[in-house]
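The block underneath contains the structure these notes are about, expressed in C-alpha cells.
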Amino acid sequence: MKLAGLKSIENAHDESVWAVTWVPATDARPALLLTGSLDETVKLWRPDELVLEGTNTGHCLGVVSVAAHPSGVIAASASLDSFVRVFDVDTNATIATLEAPPSEVWQMRFDPKGTILAVAGGGSASVKLWDTATWQLLATLAVPRPEGSRPSDRSGSGKFVLSVAWSPDGRRLACGSMDGTISIFDVARAKFLHHLEGHFMPVRSLVYSPIDERVLFSASDDAHVHMYDAEGKTLVGAMSGHASWVLSLDVSPDGAALATGSSDRTVRLWDLNMRAAVQTMSNHTDQVWGVAFRPPGGTGVRAGRLVSVSDDKSISLYDYSGR
C-alpha cells in the first residue's frame, strides 16, 4: 500500500486550515471536498484538480469542524463563534443554525444513515445529538468522570469533549476528551456504557473500522495511535512513530490502512496488518490538522484518494493504492 502525491494548493485559505471532509457524490455531481479555516470561511473544492467551487461565509470566528451528510446533499460547519451552520451543498442555502454556549461546539459527525448529527460539546462535557429532519435536539449524552477521579481534582476541564465517531451500524458513539479518556455510548438508549483508557493526553480524533464495528482507532497528543476493541474495553494495539501530537486520523474504505496527521508536520500511512507506519509524507510545512480518505461510491471512481490540510494554509491530495 502506498500514497502518491497528486496535487497541493498553497494558500487555499487565508489562515490555518483546521478541518476537512469529503462530500459524497450525488446523481448530479462527483464527490467534493469541504474545508474549514481559521479565516472564518468554508470552501468547496472539485477534488481532482483542487479547483475552488465556492466559498461560504457566515461564521464570525474560525471554523473548527466540517461534516457532510451521507446523501451528499447537505453539510454542516462548526465555528468558535458557537454556531453550527447546516447548509445545502450545491446552493449554500442555510437549512438550520444550531446555537450553543461558548466553547461547546467541536468536532461533528453525521451518523451512517444521516438521521442524527452528533456534536462534541467541548466544555459542556457532553455530546449533543440533533435530529436531521427537524433540527431539534434529540439527546444530550453526558460524559461521566472515570472511576477513581476525585471531584476536587479540578478535572472538570479534563472532561472537555473534543472528538466523536459513529460505529458503522450507527448503534455506538465514541467521544474523546481532553484528559485522554474515550467514552462509548449506546445511542438508541442514550446510555453511557464504558470508558476506554490508555491515553493520558487529549484525544483529538476517532474513527471506527469500516470492516469490524468493534474496532475503534484513536489519535492523541501523546503521539500514539491506539486500536481498541470498543465493546470488550480492551486496548488491542498501540502504534507510535510520530514525533509529536497526532491531531487527526482516518481509516481507508477497505479497512486495511490508517492515515494520520500530526503536529510534526507529516502525514503517515499505517498498514493495519503490520500495525506499523509504511510511509511518511512531508508535503506540509506546519502541523496537519485533518486527513480524510474519499468514501467509496460515485460513478467510475476506482482510485483511492486521501486529502490533508494544515496550519500552513495548504491542501494536499494523494492517490492511495491498497494491497
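The values are calculated or read from the model by the stated rules, or taken from the named source; none is laboratory data. Nothing here was measured: the structure is a model prediction, and the numbers come from that model. Positions of Cβ are generated from backbone atoms using ideal geometry, with glycine treated the same way; all protein chains shown enter the neighbour counts. The area values use the complete protein model at the heavy-atom level, side chains included, leaving out ligands, DNA and RNA. Shrake-Rupley method; radii C 1.70, N 1.55, O 1.52, S 1.80 Å.
Recomputing semi-axes √(5λ) of the Cα gyration tensor in Å from the coordinates shown identifies the correct label among (i) 29, 22, 19; (ii) 56, 26, 17; (iii) 27, 24, 19 as (iii). Placing unit charges on the Cβ atoms only, positive for Lys and Arg and negative for Asp and Glu, gives the chain a dipole magnitude near 640 debye about its Cα centre. Which residue, R294, R29, R172, tops the fluctuation ranking in a GNM of the chain built on C-alpha contacts under 10 Å? The residue that fluctuates most here is R29. Of the listed residues W270, W106, W130, the order by accessible area with a 1.4 Å probe, largest first, is W106, W130, W270.
Shape verdict for the range 53-146, please, from the Cα gyration tensor: rounded (a/c under 1.5), prolate (a/b greater than b/c) or oblate.
Details: a/c = 2.11, a/b = 1.35, b/c = 1.57.
Note, shape of the range 53-146 comes out oblate.
Placing +1 on the Cβ of every Lys and Arg and -1 on the Cβ of every Asp and Glu, with nothing else charged, gives the range 171-313 a dipole about its Cα centre of roughly 420 debye. Note that the range 1-129 presents 39 Å² accessible area per residue, ligands and nucleic acids not counted, probe 1.4 Å. Across the options V267, V63, N92, the greatest Cα extent toward the positive end of the charge dipole of the chain (unit charges at beta carbon of Lys, Arg, Asp, Glu) belongs to V267.
In the chain, taking the dipole from charged Cβ atoms about the Cα centre, the farthest positive-side position among S177, L193, T41 is held by L193. Computed over neighbours whose Cβ is under 14 Å from that of S8, the net charge equals -2, Lys and Arg +1, Asp and Glu -1. Other residues lying with their Cβ under 14 Å from the Cβ of L137 contribute a combined charge of -2, Lys and Arg counting +1, Asp and Glu -1. All alpha carbon pair distances within the range 101-149 were sorted into 10 Å bins beginning at 0; the resulting P(r) in whole percents reads 27, 48, 20, 4, 0.
Note down the Stokes-Einstein diffusion coefficient of the range 201-323 in µm²/s, whole number, using a Kirkwood radius over alpha carbon pairs, 10 °C, and 1.306 mPa s. Estimated via Stokes-Einstein, D reaches 110 µm²/s. For the chain, the share of accessible area belonging to carbon and sulfur comes to 50 percent (1.4 Å probe, ligands and nucleic acids excluded). The lysine pair count for the chain, using Cα distances under 21 Å and pairs eight or more places apart or on different chains, is 10.
What number, in percent, do you get for the relative contact order of the chain if the mean sequence gap of Cα pairs under 8 Å and at least 6 apart is divided by its residue count?
Working: 961 pairs, mean separation 49.0, N = 323.
In percent, rounded to a whole number, it is 15.
The charge dipole of the range 89-151, taken about its Cα centre with unit charges on the Cβ of Lys, Arg, Asp and Glu (plus for the first two, minus for the last two), comes to roughly 240 debye. When the square roots of the Cα gyration tensor eigenvalues are ordered a ≥ b ≥ c, the ratio a/c for the range 121-259 is 1.5 or more and a/b does not exceed b/c, which makes its shape oblate. With springs connecting C-alpha atoms under 10 Å apart, model the chain as a Gaussian network and identify which of A25, A219, A75 has the largest mean-square fluctuation. In this elastic network of the chain, the residue with the biggest mean-square fluctuation among A25, A219, A75 is A25. What residue among I74, I116, I211 shows peak mean-square fluctuation when the chain is described by a Gaussian network model with Cα springs under 10 Å? Among I74, I116, I211, the largest GNM mean-square fluctuation belongs to I211.
Given contacts defined as C-alpha pairs under 8 Å and at least six residues apart, what's the relative contact order of the range 181-222, whole-number percent?
On the way: 62 pairs, mean separation 13.4, N = 42.
Relative contact order of the range 181-222: 32 percent.
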